[in-house]
Structures are given as C-alpha cells and as structure tokens.
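The values are calculated or read from the model by the stated rules, or taken from the named source; none is laboratory data. None of the values given here were measured: they were computed from a predicted structure. With ideal geometry, Cβ positions are generated from the backbone for all residues, glycine too; neighbour counts draw on all protein chains shown. Note: accessible area is taken over every heavy atom of the protein model, side chains too, but ligands, DNA and RNA are not part of it. Shrake-Rupley method; radii C 1.70, N 1.55, O 1.52, S 1.80 Å.
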Amino acid sequence: MQSRVVPLEEGKDPAVSIKASQSKPFPIRLLQLFLLFLALCMAFSIISMYTIKRFGVQSSRTAVKPAFKPCFDEPDTLDRWIRPPSDLLHKMSDKELFWRASFVPGIKKYPFKRIPKIAFMFLTKGPLPLAPLWERFLKGHEGLYSVYIHPLPTFEAKFPSSSVFHRRQIPSQVAEWGRMSMCDAERRLLANALLDISNERFVLVSESCIPLYNFSVIYDYIMRSKYSFIGAFDDHGPYGRGRYNENMAPEVSITQWRKGSQWFELNRKLAVKVVEDARYYPKFEEFCKPSCYVDEHYFPTMLTIEAAPLLANRTLTWVDWSRGGAHPATFGRADITEEFFKKIHEDTHCVYNNQSSPVCFLFARKFAPSALEPLLHVSQNVLGF
C-alpha cells in the first residue's frame, strides 16, 4: 500500500494549517445565562417603577457616626457659650486673653435670664489675711458675685474647697507699684472677669480692703448706679499736670490729663474699653515712667477721653491721708472700734445718681492682719453682717 504524500507549501507549519481549518462552536450555555440575567433585571425594574408610582417610597436612612472624634467639641447649645470658665488657670497669653475678653454681643438683649453679678477682683501680693471677713460678707449670696485673685506668680493660694476663694486665682505676673505692670495686672483681672458674661460690675480691691456695709446694700448701690466710680480730676499742681509728658500728644493733651485713685469700680462697657485699649496704652507705657505713677493716671485719663459722661468722678474706697506720707494710714487691732466706723459712715457727703447722698464709700483700706479679730467681733453691729 502506497502512502499518499501531500506536498507542503514552503514556509508553513502543518499543525497551524490543521487548527485554522477547524470551526469553533459558539458557547450556547453562556448565552442562555446572559439572557436569563437580562430578563431578571428587566422584571425587577418594572416592579420597582410600579411600586414607586403606586405606593411611593419612604426612604429610611441610617445615621452613620464618624469613626473619628474631633479634637474639640463644637458648642451645640447656648449654655456652653455663656457658661463661665471652670478653671481660671488657663494657658492664654495676655494678648490672647485681652482679645478674647473684648468680644461684645451685637444684640443688646440677652436671649436668656441673666442675673448680673459683681466681680470682686483682689490685687494682692500673696495671702488674704482678711479672707474670713469677706467670707462672712459674701455668705448666702451665691450667684450674685464672682471672685478673682491676682497674687505674685510665685504665690499658690491654698483655700479649702468650701471657701469662696477656692481656685479663684488667675494666671499672674509681677506687678510693681507706680509702674505699668500694675496696670497690666488690673487689666488682667478685668479680662478674666469679662469671660463670665454675667459679670456686670467690676470692683478692684486689695488684701487690706474691707466692705463697709452688708452685701445687699453694696449690691443695690452699685447695680442701681448710672455711673462707674473712678476718680478723674484735673490737678494743676506738680503731682498732676506736673507729671504730664508732651510726648503723650496728640493722643493725650495736657488739658485731658487726669489723676485718680487706683481703686475703681467699672461697669461692663467701660471694662471692655480698658481691656481693648491699644491707642493710649503705648503712650503711657513709654512716657509715664516712675515718678509719674502710671496707675494714678492711665485709667482716669483714658476713660475721661473715651467715656467722661459715664464716670461719677469719685472712688468708692475710703482711705485716710491725714497722717501724711506717700501711703495712707494703716489700721490695726487698737483702731477697730464702733466709734471708728461711725466716723467713716457719718462724716461723708457726695452725689449719687445726680442727687445728694450720705452714703459715699462702700469699702475702706488699709487694714492690717491684726485687725481681723476685732473686725469679726464688731462686724454684725457696725457693718451689718
């Protein structure tokens, strides 16, 4: 049997020729599955359209909470905006503090029941030796006052948790008498007190100050006043205009130069003016050096220029200069008698809300630590608390 030899074309592989000549069958099974899927999709679409048209659809959304937590809580209620700081020992610089304290609502009417408070601001070197007397004075009047203490930065106040002075110390710096650092301390007290939106009146006192009446009398007297109490008079002598520096112009002229007591009472509007001031502060800092005694001139002058009609032009703090010298008299144990306070209460006459008044001073200084015991003994009869 002869084998048939088929000649191959030159350059072609016989295996390739055989595969090319074979036909590939169409995948019928895959086509059937695709048509079934297409039919199901069309059926689902028709049913969905009919359901939406016939019954409507109430979308239910599941609230998804983010997995991360922000680094601070956004204020979501008014209470969180108006709540006073829980810790007075914040980390703000003076620049940051004054900026924050200068915020003023554009709408004057408060959208909540606001009970105005008096902020008692203690500018001290350290301890408060007369604290027990102030504790007695403030007792029972919670919600009507706030307390702030500015001691030397090295001093750490240690009051029991039951005390009104507990944790009321603010971040402080060294304050030197007659220098701008003293005014800085007073502005620092005002700024911290302004952070509490309920504080309406601001009283600066020292560790040697005492109240001369009970809390109700002092609260009503201050809250009903149309004016703020700061001395601001034009002294033509060497200790008044004689301290003026011509470099203060044009911001401050010699006819605007004023002098007054360091111990003041201000309403909230004027407290903000003091804290936000950037116009007069640089002039006083540079040109009212020691021998000028800036704490006697800065606030009286600046507030006279900015808000003279709001000033009573007198202080609420009584002092005795009759003994002469650079500082007022200091009173100790032997000085504390009922006759002593009777003289303070009766030998006064002033103007209150544009009318004559026998009540002029609400506070007095300077009282030594030795005066505490007799003060507590006579306070009920002569001070009313």
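Note on the stretch 81-103: residues that are at pLDDT 95 or above and over 11 Å from the mean Cα position of the chain (by Cα) total 3. For Ile118, the conditions (1) in contact (Cβ under 8 Å) with a residue 60 or more places away in the chain; (2) part of a loop (DSSP other than H, G, I, E, B) all hold with the exception of (2).
Being out of contact with any helix residue (DSSP H, G or I) (no Cβ under 6 Å at 6 or more places or on another chain), of a type in the set (A, V, I, L, M, F, W, C) and either over 25 Å from Ile170 (Cα atoms) or not in a loop (DSSP other than H, G, I, E, B) (or both) is a description that applies to Val203.
Among the residues of the stretch 168-181, write down those that are more than 14 Å from Phe122 (Cβ to Cβ) and open to solvent by 10 Å² or more (accessible area, probe 1.4 Å). Scanning the stretch 168-181 gives Pro171, Gln173, Val174, Glu176, Trp177, Arg179, Met180, Ser181. Here the stretch 337-366 is the region considered, the condition is being charged (D, E, K, R) and closer than 20 Å to Gln380 by Cβ, and the residue that is surrounded by the fewest Cβ atoms within 10 Å (Cβ to Cβ) is Glu339. Residues that are at pLDDT below 95 and hydroxyl-bearing (Ser, Thr, Tyr) within the stretch 272-292 comprise just one, Ser291. You will find that of Gly140, Gly126, Gly106, the residue that is of a type outside the set (Ser, Thr, Tyr), open to solvent by less than 80 Å² (accessible area, probe 1.4 Å), within 21 Å of Ser206 (Cβ to Cβ) and part of a loop (DSSP other than H, G, I, E, B) is Gly126 and no other. Only residues that are closer than 18 Å to Ile254 by Cβ and not β-branched (Val, Ile, Thr) were counted across the stretch 274-298, and they come to 14. Only one of the numbered conditions (1) touching a Ser or Thr at 6+ places or on another chain (Cβ under 8 Å); (2) under 18 Å from Arg167 (Cα atoms); (3) open to solvent by less than 40 Å² (accessible area, probe 1.4 Å) is violated by Pro84, and that is (3).
For the stretch 135-177, filtering for residues that are among the charged types (D, E, K, R), under 22 Å from the mean Cα position of the chain (by Cα) and under 28 Å from Val217 (Cα atoms) leaves 3. Here is the figure for the stretch 218-271: residues that are surrounded by fewer than 18 Cβ atoms within 10 Å (Cβ to Cβ), over 33 Å from the mean Cα position of the chain (by Cα) and either modelled with pLDDT under 95 or not in a loop (DSSP other than H, G, I, E, B) (or both) total 5. Residues that are open to solvent by less than 70 Å² (accessible area, probe 1.4 Å) and without any contact (Cβ under 8 Å) to a residue 24 or more places away in the chain within the stretch 158-167 comprise just one, His166. With respect to the stated conditions, Thr301 is β-branched (Val, Ile, Thr) and open to solvent by less than 20 Å² (accessible area, probe 1.4 Å). For the residues Leu376, Leu310, the requirement of being touching a residue at least 24 places away in the same chain (Cβ under 8 Å), under 30 Å from Ser181 (Cα atoms) and either out of contact with any helix residue (DSSP H, G or I) (no Cβ under 9 Å at 6 or more places or on another chain) or open to solvent by 10 Å² or more (accessible area, probe 1.4 Å) (or both) singles out Leu310.
When residues of the stretch 143-157 are filtered for being surrounded by 17 or more Cβ atoms within 10 Å (Cβ to Cβ), part of a loop (DSSP other than H, G, I, E, B) and at pLDDT 95 or above, how many remain?
Counting residues in the stretch 143-157 that are surrounded by 17 or more Cβ atoms within 10 Å (Cβ to Cβ), part of a loop (DSSP other than H, G, I, E, B) and at pLDDT 95 or above gives 1.
Within the stretch 87-103, being part of a loop (DSSP other than H, G, I, E, B) and either more than 18 Å from Lys273 (Cα to Cα) or open to solvent by less than 60 Å² (accessible area, probe 1.4 Å) (or both) holds for Asp87, Leu88, Leu89, His90, Lys91, Met92, Ser93, Ser102.
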